[in-house]
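Report on the following structure.
The values are calculated or read from the model by the stated rules, or taken from the named source; none is laboratory data. Not measured: the values here are computed from a predicted model. Neighbour counts run over all protein chains shown; Cβ positions are idealised from the backbone, glycine included. These accessible areas exclude ligands, DNA and RNA; they are computed on the full protein's heavy atoms, side chains included. Shrake-Rupley method; radii C 1.70, N 1.55, O 1.52, S 1.80 Å.
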Amino acid sequence: MSDKKTFHYEGKDATVTWDGNLCIHIGECGRAKGELFVGGRQPWCQPDVSEADEIRDVIERCPTGALSVEFADGSVSEVATDENSVQVAYNGPLFVRGDLDIDGAPEDVPGMKFRAALCRCGQSSNKPFCDNSHEEAGFQDYGAVGEHGDGAAAAGGTLEVRFAKNGPVLVNGNLSIVASSGRAAWRGTKAALCRCGASKNKPFCDGAHKKIGFQSD
């Protein structure tokens with residue numbers, strides 16, 4: 001993790017937390033309709049101007065887990081989506097959603113129990129998470145998915161996300177992999193996903209990490 005600060009935006013009924021270590025500035029928060037996040041305003045996040053349902057909606061749009069919310073009355077801030085999924089971004093990371101058990105995820109970032117952006121270019125300085133290094137590195141993969149998988153009996157449940165030493169992302173649990181086009185392309189319960197950037201069978205691992213000497217640390 002880098003040393004970027006974590007900010008807490010406190011309101012009377014809700015506190016929104018933003019973790020700069022994980023944010024890759026997709027802009028789902030700033031472009032959301034409403035007044036919760038307004039660029040150029042100080043502070044840019046003001047929980048008191050929005051109802052609880054609106055706050056939940058905007059926070060859950062964040063694909064990296066960098067945003068989370070706690071409500072003063074103890075009400076549930078977020079629940080896992082009904083289906084675990086990995087969205088393969090066009091020239092970008094793996095966006096993972098669901099009931100996530102991510103090895104090494106910071107315990108003080110509750111959003112990462114439900115949402116994460118995982119590096120797949122191999123260049124991030126914040127591995128296994130994306131830090132937008134794919135842009136400077138010129139990483140190219142348009143997010144097609146060529147396999148169907150062996151199916152899954154259900155859609156939800158815990159999705160274990162582990163990281164092989166100097167190797168791929170290992171996912172275990174009911175899972176749908178979505179191509180960048182939006183097509184639900186693959187369903188299954190186990191997959192090894194490339195994170196070195198060199199596989200010829202992206203998003204899946206083909207062992208290329210060994211040939212290029214990929215270092216995960």
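Descriptive notes on the structure:
- Residue satisfying all of: in region 22-31; within 17 Å of Phe95 (Cβ to Cβ) and of a type outside the set (D, E, K, R); most open to solvent (accessible area, probe 1.4 Å) among these: His25
- Asn132, sole failed condition from (1) on the phi < 0 side of the Ramachandran plot; (2) within 14 Å of the chain's Cα centre (by Cα): (1)
- When the residues of region 151-198 are filtered to those that are touching a strand residue (DSSP E or B) at 6+ places or on another chain (Cβ under 9 Å) and of a type in the set (Ser, Thr, Tyr), the one that is nearest to His134 (Cα to Cα) is Ser180.
- Close pairs from region 128-139: first open to solvent by less than 50 Å² (accessible area, probe 1.4 Å), partner part of a helix (DSSP H, G or I) and among the polar types (S, T, N, Q), Cβ under 9 Å, at least 6 apart: Phe139/Ser133
- Here Ala164 does not qualify as hydrophobic (A, V, I, L, M, F, W, C) and over 19 Å from the mean Cα position of the chain (by Cα).
- Those residues of region 161-191 which are aliphatic (A, V, I, L, M), without any contact (Cβ under 8 Å) to a residue 60 or more places away in the chain and over 14 Å from Asp150 (Cα atoms), in sequence order: Ala164, Leu170
- Candidates Gly104, Gly65, filtered to the one that is among the small types (Gly, Ala, Ser), open to solvent by 40 Å² or more (accessible area, probe 1.4 Å) and in contact (Cβ under 8 Å) with a residue 12 or more places away in the chain: Gly104
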